[in-house]
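The values are calculated or read from the model by the stated rules, or taken from the named source; none is laboratory data. From a predicted model like this one, the values you see are computed outputs, not experimental measurements. Positions of Cβ are backbone-derived with ideal geometry, glycine not excepted, and every protein chain shown enters the neighbour counts.
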Amino acid sequence: MSDPLLSISDLRVEFDTYGGIVQAVRGVSFDVQAGQTTAIVGESGCGKSVTVQSVMGLIPSPPGRITSGRAMLRGTNILGAKTINGQDIRGDQIGMIFQDPMTSLNPTMNIGSQIAETLIVHRGYGKSRAFQRAIELLEMSKIPEAEKRARQYPFEFSGGMLQRAMIAMAIACEPDILIADEPTTALDVTIQAQILDLLGDLQRERGMAIILITHDLGVVARMADEVLVMYAGQIVEQGSVDQIFYHSAHPYTLGLRAAMPTNDPSGSKRLSPIDGSPPDLFNPPPGCGYCPRCPQAMKICAGEPPPVIALDQGQSARCWLHHPDNPAAAKPNQAPTGQPGAMDE
Amino acid sequence: MLQYTVKRLILGIITVWFIATATFFGMHAVPGDPLTTDKALSPTIRKNLEEKYGLDKPLVTQYGIYLANLARGDFGISFTQENREVNDIIAEHFPVSATLGILAVIFAAVGGVLWGALTALYRNRLPDTIIMFLVILGISVPSFVVAALGQLSLVNLNQITGTSILPVGGWGTVWHMIVPSLVLGLSTMAYLTRLMRSSMLEIVNADFVRTAKAKGVPATQIFSRHQLRNAILPVITVLGPQIAIITTGGFVVEIIFAIPGLGRYFVQAVQQLDYTVIMGTTVFYGAFLVFMVILVDLIYGLIDPRVRLE
């Protein structure tokens, strides 16, 4: 593989709270390739958002603290930095869109000006030129009557339209990376599909990389090239989208897939949830975080943290099951227990 | 927007009519009348005077006459002051009260917004603690105490320096206006500071502020364009009623600083049951306040697009 566009290594983030120090992210490393979509999946509180927010420098400090790690963008560490060689990072080389478009835009500023602001800040455009460009960007984001819409305020837009406007804002400076933090969670299903299509189209047109955070495996199957599965502040499995869905290696990934609802019209199939709850990140367990909930847990899992074990073709899992010393680890790419059809939306 | 303004103005006129009616009947319900003085009038003189001023007519008829005069903008002639029309009293003394009140409102609004934003940005640090302590003082100490203390410190200051830095009382130059308007606006400023602080704290972590950060907007611009403008909305909402509090609070401050404003006439008129002056000042003040509240609402519409269309 070529050199990655963005390479994150050993990222650790802590938060001071009244209850003590929460270790939200505990040593996350991954690469993002140019033009590809990297999806980060996992349940709420597993550290997905904190990971990308630290890359964007959006961790509120205090109480947040990045205790270690590097994020190399084309070979330069951008953690804690604002610029590379005089070029701004936030909003310029990396754009970001958020979960709730209804509250993520300034209610007292019109849409066009909010998009134009990015261009004024990073490109030094004049007001009217930036506004003209904002209208073009809205058109690119497939908002009808963009000229009129640019002069309207967020309360005059629907949720889906606002997310399009957010996308227009994030791509204004033609960033190399677009971070989408649960971009469709707050939207209804038909709008979700439109937004995902738009993201896909823009990615093809501009060749930008997308880091997509979601807890919707349907979205992952549709969008992702690479998938990272996060649990309790760590990446427990990573691989291509096919590997993750058809050759899941980590029991947590298997659990997530089994928990997906199906389209079975008879309704005879019950959802199979993952029992238990994630570990307390105030006192992370000494062994594997998933151990108490894992149906395949072994003795070693409770006491010793599992290493990242490389499997075939770039896939890797943080699980003792795949350790060479485990006699059962002979076939790492064993067929999953769920049906392959479960990944369809 | 125009339709809304017209609608608000019509509603405002109805409000003023209601104030006039309530004051009129309330005033007449008070025992005695302007002719009740220390010296007893003989029944004949009293009857003649009542006839001259129309006080012998049924109350409803008097009300009708009053409203008709009011509609023509005629507040009548004072009962107790020689040969003075209420219109003249207002024209002469209201500008003084208005200047004092407006200065106090500006001082309170600007100060409240700035201090509030500052305390929010320095939350739980030393500037926040100091300012919030002063704010509690400002809210809890009544204006006549602050006025007296202000005057006392002015006297001391002038004595120590040996020159008259700021005048202790009276009216005339800009220097006369500073201390009274600061005193008058102080408690409102303290209240607005608290309000601004809490609304700013809400905004500091708002989603759209995070968006602005993700766009790479510099902190000063985030503060001025995104945080301040949204945090200021609740402050503007309460500004209308606060203007009422400041202008009525002005009566006390005017008396302490010997300022020839309308407040003195208002208080005197109530004591002497000077019907026309009571009515004139009340209705005029009422109309002024209603107008200010409408103005504040229109300004609110300019800042927050969400209320513009309704």
Quiz item: Which residue out of A:Pro336, A:Pro284 is more than 30 Å from A:Glu14 (Cβ to Cβ) and at pLDDT below 85?
Solution: A:Pro336
Self-check item: Every residue from the stretch A:81-115 that is without any contact (Cβ under 8 Å) to a residue 60 or more places away in the chain, within 14 Å of another protein chain (Cβ to nearest Cβ) and part of a loop (DSSP other than H, G, I, E, B)
Solution: A:Ala81, A:Lys82, A:Gly86, A:Ile89, A:Thr103, A:Asn106, A:Pro107, A:Thr108, A:Met109, A:Asn110
Exercise. Scan the stretch B:131-146 and give yes if some residue there is outside any helix (DSSP H, G or I) and closer than 22 Å to B:Phe257 by Cα, otherwise no.
Key: yes
Quiz item: Mind checking whether some residue in the stretch B:276-287 is surrounded by fewer than 18 Cβ atoms within 10 Å (Cβ to Cβ) and either within 22 Å of B:Ser97 (Cβ to Cβ) or at pLDDT 85 or above (or both)?
Solution: yes
Quiz item: Is the stretch B:264-276 home to any residue that is out of contact with any Phe, Trp or Tyr (no Cβ under 9 Å at 6 or more places or on another chain) and of a type outside the set (S, T, N, Q)?
Solution: yes
Self-check item: Given (1) under 30 Å from B:Leu262 (Cβ atoms); (2) surrounded by 15 or more Cβ atoms within 10 Å (Cβ to Cβ); (3) over 26 Å from the mean Cα position of the chain (by Cα); (4) touching a residue at least 24 places away in the same chain (Cβ under 8 Å), number of the condition B:Ser97 does not satisfy
Solution: (3)
Quiz item: If you check A:Ile191 against the conditions, is it in contact (Cβ under 8 Å) with a residue 24 or more places away in the chain and either surrounded by fewer than 24 Cβ atoms within 10 Å (Cβ to Cβ) or of a type in the set (Lys, Arg) (or both)?
Solution: yes
Quiz item: Conditions: (1) surrounded by 17 or more Cβ atoms within 10 Å (Cβ to Cβ); (2) at pLDDT 85 or above. A:Val308 meets all but one. Number of the miss?
Solution: (1)
Quiz item: Considering only residues of the stretch B:112-153 that are at pLDDT 90 or above and hydroxyl-bearing (Ser, Thr, Tyr), which is nearest to the chain's Cα centre (by Cα)?
Solution: B:Ser140
Practice problem: Check off (1) in contact with an Asp or Glu (Cβ under 7 Å, 6 or more places away or on another chain); (2) within 14 Å of chain B (Cβ to nearest Cβ); (3) on the phi > 0 side of the Ramachandran plot; (4) small (Gly, Ala, Ser) for A:Gly27 and give me the number that stays unchecked. | Solution: (2)
Quiz prompt | Pair list, Cβ under 7 Å, 6 or more apart: the stretch B:1-30 residue under 30 Å from B:Leu273 (Cα atoms), other residue part of a helix (DSSP H, G or I) and among the small types (Gly, Ala, Ser) | solution = B:Val16/B:Gly286; B:Val16/B:Ala287; B:Ile19/B:Gly286
Self-check item: Those residues of the stretch A:53-79 which are surrounded by fewer than 16 Cβ atoms within 10 Å (Cβ to Cβ) and within 14 Å of another protein chain (Cβ to nearest Cβ), in sequence order
Solution: A:Pro60, A:Ser61, A:Pro62, A:Pro63
Self-check item: Among (1) over 20 Å from A:Thr37 (Cβ atoms); (2) within 14 Å of another protein chain (Cβ to nearest Cβ); (3) of a type outside the set (Lys, Arg), the one test that A:Gln132 misses
Solution: (2)
Exercise. Within the stretch A:149-185, count every residue that is surrounded by 20 or more Cβ atoms within 10 Å (Cβ to Cβ), within 10 Å of chain B (Cβ to nearest Cβ) and among the charged types (D, E, K, R).
Key: 1
Exercise. Grab the strands (runs of 3 or more DSSP E) fully contained in the stretch A:1-52, keeping just those with 3 or more residues being under 14 Å from the mean Cα position of the chain (by Cα).
Key: A:20-32, A:37-41
Quiz item: Tell me, which residue of the stretch A:251-277 that is closer than 19 Å to A:Gln238 by Cβ and in contact with a Lys or Arg (Cβ under 9 Å, 6 or more places away or on another chain) is surrounded by the fewest Cβ atoms within 10 Å (Cβ to Cβ)?
Solution: A:Gly255
Quiz prompt | Among residues of the stretch B:175-227, those that are within 14 Å of another protein chain (Cβ to nearest Cβ), over 21 Å from A:Met166 (Cβ atoms) and surrounded by 18 or more Cβ atoms within 10 Å (Cβ to Cβ), counted | solution = 2
Exercise. Check the stretch A:202-216 and report whether any residue there is among the hydrophobic types (A, V, I, L, M, F, W, C), at pLDDT below 90 and within 30 Å of A:Phe282 (Cα to Cα).
Key: no
Quiz item: Name the residues in the stretch B:250-265 that are assigned to a helix (DSSP H, G or I) and surrounded by fewer than 23 Cβ atoms within 10 Å (Cβ to Cβ), would you?
Solution: B:Phe251, B:Val252, B:Ile255, B:Ile256, B:Arg264
Quiz item: Got at least one residue in the stretch A:68-80 being within 22 Å of B:Val204 (Cα to Cα) and at pLDDT below 90?
Solution: yes
Practice problem: Go through the residues of the stretch B:206-226 one by one and say whether even a single one is among the acidic types (Asp, Glu) and either in contact (Cβ under 8 Å) with a residue 24 or more places away in the chain or touching a Lys or Arg at 6+ places or on another chain (Cβ under 8 Å) (or both). | Solution: no
